[in-house]
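Notes follow the structure.
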Amino acid sequence: MPKLVLPQSFYENENKPTEAFVRGLREIDPLLICYWNRFRGRWVIDRYSCDNDGHDHQIACPRQNVLIVESPEREYMPLNERVYERLRAMDTWSQYKSADEWNEYTAAQRDSHKQRVEKSIRDDVRHIILDDKEQFKKIQTAIQMHDLRPNDISRANLGSDAELGAAVIGQRLQGEQTHG
């Protein structure tokens, strides 16, 4: 990824964060820096991505953008305690302490999501089956309420519903053969 190199004068202007704010920022993470981005008209907080091996970081040190300080409505927001709160809320490293803990957390979230999806599918299938049973009951009730048998077949001559159904189907097939 290409790296944008800006002149030193870009970072040295009248808009500098207060020393008190910088101290609070360093308490959260010593690799965080804050500067004014005159093109955006916003404060920007970056984190040096190289380890703090005792050297003073320079503009040429690689870094990653952490936060553009602005309100939820995307308007200007001054540097204050709310910025610290947002940074602490975003700090997953302090929450999980290691990559292994983070991986365990994401695996647990993934498993939990998978279980919720599977439960939802099981519930949907169960509802579909119950709806199908209800529809079959309605059809059975409609068939029992209406005499759908041809005149020459009587229930008295046949023992079970299966025999009655077979007789009706057989008679219909014979009728189709004679008419076809």
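What follows is calculated from the coordinates using simple rules that are stated; it is not laboratory data. All of these numbers come straight from a predicted model, not from anything done at the bench. Positions of Cβ are generated from backbone atoms using ideal geometry, with glycine treated the same way; all protein chains shown enter the neighbour counts.
For R126, the shell of other residues with beta-carbons less than 15 Å away shows a net charge of -3, using +1 for Lys and Arg and -1 for Asp and Glu. Taking 27 Å as the straight-line reach from the Cα of K16, the lysines in range (excluding those fewer than 8 positions away in the same chain) are K3.
Here the relative contact order of region 17-116, from alpha carbon pairs under 8 Å that lie six or more residues apart, stands at 20 percent.
Give, as ranges by residue number, the residues of region 87-114 whose backbone N falls under 16 Å from the point 7 Å along Cα→Cβ of R122. Correct set: 111-114. Length gained on full extension, Q115 to Q95, computed as 0.36 nm times the residue gap minus the Cα-Cα distance: 4.7 nm. Here the extension length gained between V22 and T106 equals 27.0 nm, from 0.36 nm per residue of separation less the Cα-Cα distance. Taken along the Cα-to-beta-carbon direction at a fixed 7 Å, the label points for A166 and T141 span 3.0 nm.
Footprinting exposure proxy ranking of Y48, Y105, fewest other C-beta atoms within 10 angstrom first, gives Y105, Y48.
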